[in-house]
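So the structure is just underneath, and the comments pick up after that.
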Amino acid sequence: MYLKFGKSFLDVFLSLFGVIILFPFLTLIYIVLFLIHFSNPIFYQTRVGQGGHYFTVYKFKTIKTNTSTNAFLRGIRKTKIDELPQLFNVIRGDMSLVGFRPDIPGYYDKLTGESRLILQLKPGITGLASLQFANEEVILAQQSNPLAYNDEVLFPQKVELNLRYYKKVSFVYDLNILLKTILLPFLN
């Protein structure tokens, strides 16, 4: 029942509330990023969503066109503020607040067997794997071959965590994950 009706209602309600409350902050970030990039500060990318279908995800740009960055951009990325435009993805129905993190094609759309159950859910702004690997960039930066490490170690672990979430999804579980996500920047 929660998956069919409650989760979507909670997603839209909390996302609309978040956009309304955060509107001045989002506008300020948008303006600052526009002044840094001198172009649209929203990053668009094709990601894998529910059922393995593709959709366009929205994020704040944290890398300049010339691939350089600065402390402000790194801070936006580290604090996950760059993910806030995904609230609009949730309102559109492409994403959920909690679920598997949408990845680029070539990962979730290639799952087989029981792992494909994950795709019955909408991807989320946060989830068990997002909490477990909140420092993923640091982990990958320490590897001699980050892509191979992601493909062989991190992604299989994310699939396991996302399957665990799929099997236990509930209102209380979602609220627990959301609360941990909100508190995460203050615990590090």
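Listed values, structure above:
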item: Single residue of 31, 76, 81 found to be surrounded by fewer than 19 Cβ atoms within 10 Å (Cβ to Cβ), within 22 Å of residue 181 (Cβ to Cβ) and out of contact with any Pro (no Cβ under 7 Å at 6 or more places or on another chain); result: 81
item: Any chance residue 17 is free of Cβ contacts under 8 Å to residues at least 24 places away in the same chain and either more than 29 Å from residue 70 (Cβ to Cβ) or not in a helix (DSSP H, G or I) (or both); result: yes
item: Hey, residue 106 out of contact with any Leu (no Cβ under 8 Å at 6 or more places or on another chain), over 18 Å from residue 160 (Cβ atoms) and loosely packed, with under 13 Cβ neighbours inside 10 Å or not; result: yes
item: Breaking point among (1) within 21 Å of residue 11 (Cα to Cα); (2) open to solvent by 60 Å² or more (accessible area, probe 1.4 Å); (3) under 13 Å from the mean Cα position of the chain (by Cα); (4) not polar (S, T, N, Q), for residue 171; result: (3)
item: Residue identified as within 15 Å of the chain's Cα centre (by Cα), part of a helix (DSSP H, G or I) and surrounded by fewer than 14 Cβ atoms within 10 Å (Cβ to Cβ) among 114, 137; result: 137
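The values are calculated or read from the model by the stated rules, or taken from the named source; none is laboratory data. As the structure is a computational prediction, the values presented were derived from the model and not from experiment. Don't worry about glycine lacking a Cβ; one is built from the backbone with ideal geometry, like all the others, and counts go over all protein chains shown. Note: accessible area is taken over every heavy atom of the protein model, side chains too, but ligands, DNA and RNA are not part of it. Shrake-Rupley method; radii C 1.70, N 1.55, O 1.52, S 1.80 Å.
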